[in-house]
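What follows is calculated from the coordinates using simple rules that are stated; it is not laboratory data. All of these numbers come straight from a predicted model, not from anything done at the bench. Every residue, glycine among them, receives a Cβ derived from its backbone with ideal geometry; neighbour counts consider all protein chains shown.
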Amino acid sequence: MIIDTPTSPITSGLPLFFVITVTAIKQGYEDWLRHKADNSVNQCPVHEVQHGKVVRKQSRKIRVGDVMLIKENETFPCDLILLSSSRDDGTCFVTTASLDGESSHKTYYAVQDTKAYTTEEEVDSIKAVIECEQPQPDLYKFVGRVNIYMDNEPVARPLGSENLLLRGATLKNTAYIYAVAIYTGMETKMALNYQTKTQKRSAVEKSMNAYLVVYLCILIGKAFINTVLKYVWQADPNQDEPWYNNRTDAEKERHIVIRAFTDFLAYMVLFNYIIPVSMYVTVEMQKFLGSYFIMWDDDMYDKELGESAVVNTSDLNEELGQVEYVFTDKTGTLTENNMEFIECCVDGHVYVPQAICNGQVMPGSDTMDMIDSSPGPRARVTEELFFRALCLCHTVQVKEEETVDGIKHGLHSGRPSSFYISSSPDEVALVEGMKRLGYTYLRLKDSHMEILNREDQVERFELLEVLTFDSVRRRMSVIVRASTGEVYLFCKGADSSIFPRVVSGKVEEVKDRVEHNAVEGLRTLCVAYRALTPEQYEETYKLLNEARLALHDRDRRLAEAYDQIETQLVLLGATAVEDRLQEEAADTVESLHQAGMKVWVLTGDKMETAAATCYASKLFRRGTRVLELTTKRTEEQSLHDALFDLSRTVLRPHRDPSGLGLDPDPVSGLSGECSDFGLIIDGATLSAVLQPGQEASSAGDYKEIFLEICRNCSAVLCCRMAPLQKAQIVKLIKASKEHPITLAIGDGANDVSMILEAHVGIGIMGKEGRQAARNSDYAIPKFKHLKKMLLVHGHYYYIRISELVQYFFYKNVCFIFPQFLYQFFCGFSQQPLYDTAYLTLYNISFTSLPILLYSLMEQHINIDILRKDPTLYRDISKNCLLRWPIFIYWTLLGVYDAMVMFFGAYFLFDNTTFTSNGQMFGNWTFGTLVFTVLVFTVTFKLVLDTHYWTWINHFVIWGSLIFFVVFSLLWGGIIWPFLNYQRMYYVFMQMLSSGPAWLSIILLITAGLLPDVLKKVICRALWPTTTERIQVPRPQPGPATPAFIQRHHQGCVPNLVVSLYV
Amino acid sequence: MSKEENTANRPDNTAFTQQRLPAWQPMLSAGIVIPGFVIIGVAFIGIGVALFVTSQNIQVLEKDYTGIERNSSCFKCTNPRVKNCNCTINFSLDKLFEGPVFVYYGLSNYFQNYRKYGVSKDAVQLTGDLAYFTEPSTTCAPYQRDAKDKPIVPCGSIANSMFNDTFKLFQIVNSGNVEVPFDGKGIAWWTDYNIKYRNPTTNPLKNAFNDTVKPIFWPRPAYELDPTNSANNGFINQDFLVWMRRSALPNFRKLYRRITEGEYAKGLPAGDYALVIGYNYPVLAFEGRKKVVFSNVSWMGGKNQFLGIAYLVIGSLCVVMSIVMLIVYAKFKFPDEE
């Protein structure tokens, strides 16, 4: 059965072909880029030991069981079991910064029996079998066994996570290691922690698809209505087949149902242009080209890294303007991951290391006592004791080697270059701080710690005991014997764990200073000591030894022993260390808050550290009431009670004053002191909250209560999070009932899962590793760039694309609705109103470029204003420009314009002539008149909406109108030899030769645009949005500006020190 | 990292890449819109008045001659069995009908814009291509070939249904009837007559039509359409071309003749007239109507109240809206200007 189409297949097919081609080219290009990136990882060279020789090969060729040689600063290409290292003790240092965000150096151990094999030949001679568990994602768990055949006698050794080097970690401070691959490729722990990358679709795209369904319904509805009407109308045989329009015999014989069906399909073909196929390609182009503006942005270029922003997926540009929740990693994202000793306070005297600011005077330095001010002889003793305490009470190792890194640490003194390594970056900072204050820790030699004091004398202390740090006690101690024979216990720890144990010292002064520093966002530690008599030491020694030798409950007994030993301390002072925030981090967080976003910090770090950062970055402010939901609390109180307590606390201030129940906009409580809540939760508690409990109902309740609490907190800090937990949190918020748009930002491989989970994933191009940047949708060099990314680019792209979408539907309604109306006047015969060329080119050339350029160039508000006033971001929240009422407005406007065009032309053509020679115009002139009005009206509608007229906009808008006119003149001006019809010949010229045609074109365009102009003006006057208020050109250059700058300055952390080591 | 490497990655700092191209940022504020509306409104009202007055001055005389009423003179011709029927309609003008006068025929409820009807022609055949005389396009069906399978030229529904009523106008004066001369030149588009439609170059034209048949409905073959003027035959017959330009809407007029010659060039003087109609075209079957229209034109074409009224309406709307906006702004103290 041949379906007789009202338009030629080319007419409908050409736009589709065009759309598919453009999309294919774009997708192909992006695929090619991905392929290139994959290759660079897969082909990165690694070294393998084969037959006693080192062979280079591509990383994708690594097989399980291969023995690899890894050199310093190389990243492990797969999960490895350490066999031996260049260090004699078979250890190596590794930083897992890109895995879990902890940049400290961790020690890994070689299998005892193989650590002596340190050359290729020797390693090759090892015969061993490794048994290990199935790959699993937990980074910190590994169980295995190695059977080593020595003299054909197998020796079994256990393998634990201390032997396992994880892919993605980097070898540090170790010249080389030999290790055997046990998990490769997708079975590595890092790969198992990857979230599968799913296609992300933006909210705009979802609205777009919803609209499309509506339009599809309209299309089917129109076709259906017309088919029904046609047969109703044709019930009269005179209408059905007047003598002048006889049907062929074949048509007459066709069954009515088939005829009706063919008619229905023919209508579908005729009206199919209402579905804006070309919108998809325009959206794609807009996103693709638009993302270049992000990459090109000079404000997001970082000189230090030499990097600018990278766009990995251009599909989400507009989603950047819709973010409601920001999940940020802490280490390396909010902070520089670079600790710095700021000050110490001994008995209330504050000491600041010199030259901290490279010659610049620190803000507030005038209030500080400098080191030279002599505090008196008594204080002198305390002071020296304090410095020694800090030099001794730590677990820092010294690396005496000159490497590139050494410059950073070694420059401060003229002494031989050496630098410190520790699992805690705070300790390094403290020891370095001491060095700058004159006391240098030299090394640990033969269990003696050596210090170079201010007089350049070496002091030796025998290290007797180390009472290691743990997060419950939150302190650590050392017991040392000075060369004079006295035994001291030095203890340092969090203020809360030191003060209760202090018996003397200037507690009040120190407490004041500690509080002051904590508020400034510094990480504070208190230092205390206790002089031990030989008897006391003996007792202590016994106590410790007993506990250590215990077979049962060793941990508990050790803790008890520590608890007994660390008492009756004398307070020496306190220190303050800064985990330096990234520049403008606080300002950025503040802007995000003002923009109505909720910022969550998700970190693997410990609570105190994380909380300090949150204060420093203004996530929590002075007025914030911080609620804790941590293991410590749930130990005292059941989770159930804790949750209910918190929810009561959080909800009360909202309910009572207003009586309205929930505050509709919790963020607005920023100014009010009491309603500003912050929440701290840790990983363990979180998993308890999320765990499906025994009764299914209670678990759901916990989740809901938790969400309710979170909803009322302007900031949430989640500490001690595993990578997958981060993703869980994001998922939880995503699935909550408002379905907010989430954004995750992070720099390490541990952030990848959350980056992939969130609606928008942003990677920071960290110094370590690129996993986050590679897996993200957008990568930026620094956290501060997020501000411009969201407030400017996000805002613009949202505005742009929403106009693009609405406009496309509008212009297609305008286009097709007259065609629909025409059916009522042509006997429902599917007569096209417009010529084929117009049908084909309307969407792909007459009206496509202006809107594309609009959607690339439009700036309804200036960049600077958007940046300065983050509250503008709220104007576009919740996808407000693509809500149904607005969509309906646009559609109705389209229908109105279509009616104006069609009926305007209809009445004009009603039984009259247009020309002074009395000749009549035919149906194609009618269509051309409607089409001309159409093209001008929809273009002028865009003109009315454009707020930013660059020469490009002028060029494209006027250019495309001129193109339409020129095309029409040409199309009608020549007998086209390849066409078998010449129906448009001279039609356009004839029309232009008639005065009334001109007059009616002007009239109909004006009538079409009038209501929209009126609506705009009235709405602007009566209900102006913030955006519209801002748009009004001000008489003076922006009175809001100075006020803002002031606020900006206040927003800065006073002792935020700009990086010195450039 | 060296300095060059650093700058290599750095994006170009141009106004375009930084989205800081100089731009004109207009705002639809009251200060622009209200005066704008007033200006547009006043201009439109002016145009509207001019159009309306012009349109009022145009004289139109319509005569329905379908012959539905039994007392109408054309009633007898409505019987399809009556061939070559003539009927006369008398009318009188009480004042001069200013010239040049245009004579139109009008059809109602006639769908020249049927899709099937519209495609039922062979555009190449109508350019005089002899190959298409013997093999007309299938789009012409069912008027592609006749019952004996001979090709129809010109083929298709449009050509087949060509209007074939004829009109003659007589002024009734004392001495008898004086025929008002009709001018049939230039009633079709110049381009249709001179470029788009072509006769075959065969001489005489008749030979080109060998082995073809005339359209079934036609009384005469195409090459004999106008016996009085040999240049007005075949496809480039003015009446044929007028008919071939399909009308946009089901009620339409087509230009039949002009009155431009002799003493009637200045118009039809007051007096009695008789319109003699050669009634051939059946319209009653589909409830159509036929009429003949006399009209003169102005610079803006025929009588059309719509355009003038529309201009007046839109113009007044603009003025009213600007007043409304002014009130709104006055009441809300020009929030824009604050």
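Structure data summary
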{"item": "HN-Hα J in Hz across the range A:327-335 - Karplus 6.51, -1.76, 1.60, θ = phi - 60°, x for Gly and Pro", "result": "9, 10, 6, 9, 5, x, 10, 6, 9"}
{"item": "Using a Förster distance of 60 Å, the FRET efficiency for A:S483-A:L192 (Cβ separation, nearest 0.05)", "result": "0.70"}
{"item": "Positive dipole terminus of chain A, leading residue within A:G185, A:M765, A:Y796 (C-beta point charges)", "result": "A:Y796"}
{"item": "Anisotropy class of the range A:67-173 from Cα gyration tensor, a/c 1.5 cut", "result": "oblate"}
{"item": "5 Å-binned pair-distance histogram of the range B:134-281 (Cα, whole percent)", "result": "2, 8, 15, 19, 18, 14, 10, 6, 4, 3, 1, 0"}
{"item": "Whole-Hz ³J(HN,Hα) from phi, Karplus 6.51 cos²θ - 1.76 cosθ + 1.60, for the range A:948-959, glycine and proline x", "result": "10, 9, 8, 4, 5, 4, 4, 4, 6, 5, 5, x"}
{"item": "Backbone N within the range B:265-307 under 12 Å of label point (7 Å from B:L96 Cα along the Cβ vector)", "result": "B:265-270"}
{"item": "Expected 222 nm ellipticity per residue - DSSP helices of 4 or more, -39500 (n - 2.57), all of the protein assembly as shown, to 500", "result": "-12500 deg cm²/dmol"}
{"item": "Amide H contacts of A:E336 (H built 1.01 Å from N, under 5 Å, at least 5 apart or other chain)", "result": "A:R580, A:L581, A:Q582"}
{"item": "FRET efficiency for A:K542 and A:S504, using Cβ-Cβ distance with R0 set to 22 Å, rounded to 0.05", "result": "0.25"}
{"item": "Approximate spin-label separation B:K148-B:R220, in nm, with each point projected 7 Å along Cα-to-Cβ", "result": "2.2 nm"}
{"item": "Over the range B:113-206, volume per residue of the alpha carbon convex hull, in Å³", "result": "167 Å³"}
{"item": "Debye-sum result for the range A:459-607 in log10 I(q)/I(0), which assumes one identical scatterer on each alpha carbon, at q = 0.12, 0.14, 0.17 Å⁻¹", "result": "-0.64, -0.79, -1.02"}
{"item": "Mean-position separation - Cα centroids, the range A:133-171 and the range B:14-62, in angstrom", "result": "81 Å"}
{"item": "Cα-based shape type of chain B, given that a ≥ b ≥ c are square roots of the gyration tensor eigenvalues and the cut on a/c is 1.5", "result": "oblate"}
{"item": "Amide proton proximity set for A:Y351, modelled H, under 5 Å, gap of 5+", "result": "A:C344, A:C345, A:V346"}
{"item": "Calculated SAXS-style log₁₀ I(q)/I(0) at q = 0.13 Å⁻¹ - the range A:223-345, Debye, Cα scatterers", "result": "-0.79"}
{"item": "Sequence ranges A:992-999, B:227-234, ranked by mean other-Cβ count within 10 angstrom, highest first", "result": "A:992-999, B:227-234"}
{"item": "Length added when fully stretched, A:D151-A:F978, from 0.36 nm per residue minus Cα-Cα", "result": "288.7 nm"}
{"item": "Computed label-point distance, nm, for sites B:N164 and A:R34 using a 7 Å Cα→Cβ extension", "result": "7.0 nm"}
{"item": "Per DSSP, loop chymotrypsin sites (Phe, Trp or Tyr not before Pro) in the range A:790-863 with at most 15 further Cβ within 10 Å", "result": "A:F824"}
{"item": "Long-range amide H partners of A:E459 with built H, under 5 Å", "result": "A:I451, A:L452, A:N453"}
{"item": "Cβ neighbours within 10 Å from other chains - mean over A:819-828", "result": "3"}
{"item": "Binned Cα-Cα distances of the range A:823-885, short to long, each 5 Å bin given as a whole percent", "result": "3, 12, 11, 13, 14, 11, 11, 8, 7, 5, 4, 1, 0"}
{"item": "Cα gyration tensor category, rounded, prolate or oblate, for the range B:12-156 with a/c compared to 1.5", "result": "oblate"}
{"item": "Translational D in µm²/s for chain A (Stokes-Einstein at 10 °C, 1.306 mPa s, Kirkwood Rh from C-alpha pairs)", "result": "47 µm²/s"}
{"item": "Ranked by how many other beta carbons lie within 10 Å on average, peptides B:111-122, B:53-64, B:147-158 from highest", "result": "B:111-122, B:147-158, B:53-64"}
{"item": "Ordering of A:736-742, A:746-752, B:123-129 by burial proxy (mean other Cβ atoms within 10 Å per residue, highest first)", "result": "A:746-752, B:123-129, A:736-742"}
{"item": "Length added when fully stretched, A:R622-A:L16, from 0.36 nm per residue minus Cα-Cα", "result": "212.2 nm"}
{"item": "Exercise: per-residue mean of other protein chain Cβ atoms within 10 Å, B:248-259", "result": "5"}
{"item": "Computed FRET value (nearest 0.05) for A:T119 with B:Q18, which takes r as the C-beta separation and R₀ as 56 Å", "result": "0.50"}
{"item": "20 Å cut-off, amide nitrogen to a point 7 angstrom out along A:A235 Cα→Cβ, residues in the range B:98-135", "result": "none"}
{"item": "Spacing of the two label points (7 Å from each Cα toward its C-beta) at A:L216 and A:K106, in nm", "result": "5.0 nm"}
{"item": "Phi-based couplings in Hz for the range A:1005-1019 (Karplus 6.51, -1.76, 1.60; Gly and Pro marked x)", "result": "4, 4, 4, x, 8, 3, x, 5, 4, 4, 4, 4, 5, 5, 4"}
{"item": "Shielding score for B:181-187, defined as the mean number of other chain Cβ atoms within 10 Å", "result": "1"}
{"item": "Convex hull (Cα only) mean projected area of the range B:199-338, reported in nm² to one decimal", "result": "18.1 nm²"}
{"item": "Proximal lysines to A:K435, defined as alpha-carbon separation beneath 23 angstrom and excluding residues fewer than eight positions away on the same chain", "result": "A:K399, A:K408, A:K445, A:K492"}
{"item": "Principal axis dimensions, largest first and in whole angstrom, of the range A:194-250 by Cα", "result": "73, 22, 14"}
{"item": "The range B:37-176 - charge dipole about Cα centre, Lys and Arg +1 at Cβ, Asp and Glu -1, debye rounded to 20", "result": "440 debye"}
{"item": "Any cysteine of chain B lacking a neighbouring Cys Cβ under 4.7 Å - listed by number", "result": "B:C318"}
{"item": "Between 0 and 90°, nearest 10: helix A:639-658 axis offset from chain A longest Cα axis", "result": "60 degrees"}
